[in-house]
Amino acid sequence: MKLYLSADMEGTAAVASWTQVDPKNTTEYPYYRRLMSLEVRAAIDGARDAGVTGVLVNDAHSAMRNVLWDELPADVRMIYGNRKPFSMSEGIDAGFGCAFFTGYHAGIGEADGAMDHTYSPDTLYAVRVNGVGCSETLLNAAVLGLHGVPVVLVTGDRTTVEGARKHLPWIEGAIVKESIGRFAVNSLSPEAARALIRSAARRAVERVDEAEPFVFAPPVTLELDFAGTQNADFAELIPGMERIGGRTVRFVHDDYAVVFKAFVAAFRLGAAANAPV
């Protein structure tokens with residue numbers, strides 16, 4: 001069986017602030033980058049304990065150049081770098097038997113979720129698909145679902161894991177920390193977190209037959225509430241994107257892949273409106 005692994009960083013054990021996950025920071029980031037990489041390695045090792053062979057890692061945090069190659073097995077492939085059409089779910093296809101989401105975090109507006117956000121915290125205030133409030137976990141699980149690939153493991157804080165289980169009840173969850181508001185955590189030690197992730201990853205693969213691909217039923221309706229009207233001003237320039245409120249746009253299509261690409265275009269274009277004028 002082949003494994004697809006999407007690796008974010010905010011959900012890593014002990015991480016509690018933007019400074020720790022900001023590649024521009026030269027003090028804390030290098031240390032926590034390594035912790036992120038070691039959690040990815042723990043998940044891979046657990047999957048291989050259960051018989052997984054091929055592994056593709058998609059680095060999915062910030063500029064998407066974070067995971068350290070020297071912490072991974074030599075035969076693992078990795079998608080590195082940003083501006084990918086499918087972003088955190090780039091590279092997925094029907095050849096994978098299951099997927100892991102490591103280091104994931106709470107969606108924007110979720111209480112007790114360390115650094116809660118959905119893709120762009122300075123641009124997006126809320127994301128809904130078919131009326132369902134979406135975190136990055138759910139948005140990307142639905143991309144994988146288009147290819148028949150189920151998400152079977154999510155690691156991060158309690159809010160993230162329990163939020164995922166509401167829609168993906170079959171997942172194994174590795175809760176590595178309890179978030180206290182947005183910028184504090186009560187965390188396992190990094191070593192204990194890695195042991196937990198490895199055992200959860202093994203169980204996730206062993207239970208893969210219980211899992212299901214997650215999909216949104218068509219027609220798929222995307223609604224984005226932006227942080228400001230200036231963001232919506234730019235996003236509504238996208239063909240098919242309808243302005244339905246001062247800060248809100250809507251996009252409807254039968255194909256979720258098209259909807260997801262419209263989402264990526266909208267938050268990137270909307271972010272450009274934050275530049276000084």
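The values are calculated or read from the model by the stated rules, or taken from the named source; none is laboratory data. Bear in mind that the values here come from a model prediction, so they are computed numbers and not experimental data. Because the Cβ atoms are built from the backbone with ideal geometry, glycine has one as well, and the counts that use them run over all protein chains shown.
Inspect segment 156-164 for any residue being within 19 Å of residue 35 (Cα to Cα) and either assigned to a strand (DSSP E or B) or aromatic (Phe, Trp, Tyr) (or both) and give the result as yes or no. Within segment 156-164 (the criterion being within 19 Å of residue 35 (Cα to Cα) and either assigned to a strand (DSSP E or B) or aromatic (Phe, Trp, Tyr) (or both)), the answer is yes, since at least one residue qualifies.
Just one of the listed residues (56, 68) is within 29 Å of residue 212 (Cβ to Cβ) and either under 16 Å from the mean Cα position of the chain (by Cα) or at pLDDT 95 or above (or both), namely 56.
The set of residues in segment 120-141 being surrounded by fewer than 20 Cβ atoms within 10 Å (Cβ to Cβ) and part of a loop (DSSP other than H, G, I, E, B) consists of 120, 121, 122, 130, 131. Checked against the criterion of being touching a Phe, Trp or Tyr at 6+ places or on another chain (Cβ under 7 Å) and buried (at least 24 other Cβ atoms within 10 Å of the Cβ), segment 19-38 contains one or more residues that satisfy it. In this structure, is residue 65 in contact with a strand residue (DSSP E or B) (Cβ under 9 Å, 6 or more places away or on another chain) and without any contact (Cβ under 8 Å) to a residue 40 or more places away in the chain? No. Among residues of segment 195-212 being in contact with a strand residue (DSSP E or B) (Cβ under 9 Å, 6 or more places away or on another chain) and closer than 14 Å to residue 35 by Cβ, the one that is surrounded by the fewest Cβ atoms within 10 Å (Cβ to Cβ) is 196. It is to be established whether one or more residues within segment 236-245 are more than 21 Å from the chain's Cα centre (by Cα) and among the small types (Gly, Ala, Ser). Yes, because at least one residue in segment 236-245 is more than 21 Å from the chain's Cα centre (by Cα) and among the small types (Gly, Ala, Ser).
Selection within segment 81-93: residues that are part of a loop (DSSP other than H, G, I, E, B) and either outside the structural domain of residue 154 (by TED's automatic domain parsing) or touching a Leu at 6+ places or on another chain (Cβ under 9 Å) (or both). The member of this set that is nearest to residue 23 (Cα to Cα) is 91. Applying the condition of being part of a strand (DSSP E or B) and without any contact (Cβ under 8 Å) to a residue 24 or more places away in the chain to segment 165-193 and asking which residue is surrounded by the most Cβ atoms within 10 Å (Cβ to Cβ) yields 175.
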